[in-house]
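What follows draws every value from the coordinates through simple rules; no lab data is involved. Given the structure is predicted, the values throughout are model-derived calculations rather than measurements. Methodologically, a virtual Cβ is constructed for each residue, glycine included, from the backbone with ideal geometry; neighbour enumeration extends over all protein chains shown.
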Amino acid sequence: MKKKKKKSSGSPKKAAKRAATGNVRKAAKRPSAKPKKAKPSAGKKGKKAPSLATKKAKRTANGNSQPICVENFSASNRSQVCFTGIPSNGSCDLFQLAGDIFPFQPVTGTNLQGLDFTTLTPTNNCVTIVVPAINQTYPYGVTCCGGADNPGHSVTVNS
């Protein structure tokens, strides 16, 4: 009668060492069943707490969110900026000043003098900064911050 060989794991040297030292490989324990986590109670239907997410502006990957009427802010070239404070009942234009480079894309239109502008709404409020050179300040105008002739806004592109 043939003896069944006991299946060993590892190399023959390791098996011999285990046999000599009395170290026997223990069977792996199965993980015990973990109790399910209790879900937090939402309370009664219709009585939800106001969500803070609805009050905040849309955030971007780099978290660059700026008030629409800010005088100056810093950003990186090719970064996205989402503006807050756009009037809820309308839109707001970021517009190119004559003789200056318009720092934002997409460009949604041009006026009669061939100057670029971008129309923003409360739900479509993000633009990308695209400029030819860094470490410069690029002025622009904003129509919903004191009228169409309000050129007191700029972005400093620092990297």
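A Cβ distance below 6 Å, combined with a sequence gap of six or more or placement on separate chains, defines the contacts here; from segment 108-129, residues that are touching a residue at least 24 places away in the same chain (Cβ under 8 Å) reach residues that are exposed (fewer than 13 other Cβ atoms within 10 Å of the Cβ) in the pairs PHE117/GLY109; PRO122/SER88. For THR128, all conditions in the list (1) in a loop (DSSP other than H, G, I, E, B); (2) in contact with a strand residue (DSSP E or B) (Cβ under 9 Å, 6 or more places away or on another chain) hold save one; what is the number of the exception? Unmet for THR128, out of (1) in a loop (DSSP other than H, G, I, E, B); (2) in contact with a strand residue (DSSP E or B) (Cβ under 9 Å, 6 or more places away or on another chain): (1). Looking across segment 91-144, the residues that are closer than 16 Å to ALA75 by Cβ and of a type in the set (S, T, N, Q) come down to GLN105, THR118, ASN125, THR128, ASN135, GLN136, THR137.
When you scan segment 81-100, how many residues do you find that are out of contact with any Asp or Glu (no Cβ under 7 Å at 6 or more places or on another chain) and either crowded, with 16+ Cβ neighbours inside 10 Å or basic (Lys, Arg) (or both)? Residues in segment 81-100 being out of contact with any Asp or Glu (no Cβ under 7 Å at 6 or more places or on another chain) and either crowded, with 16+ Cβ neighbours inside 10 Å or basic (Lys, Arg) (or both): 9 in total. In the condition set (1) small (Gly, Ala, Ser); (2) over 20 Å from SER65 (Cβ atoms); (3) out of contact with any strand residue (DSSP E or B) (no Cβ under 9 Å at 6 or more places or on another chain), SER88 is compliant with all but (2).
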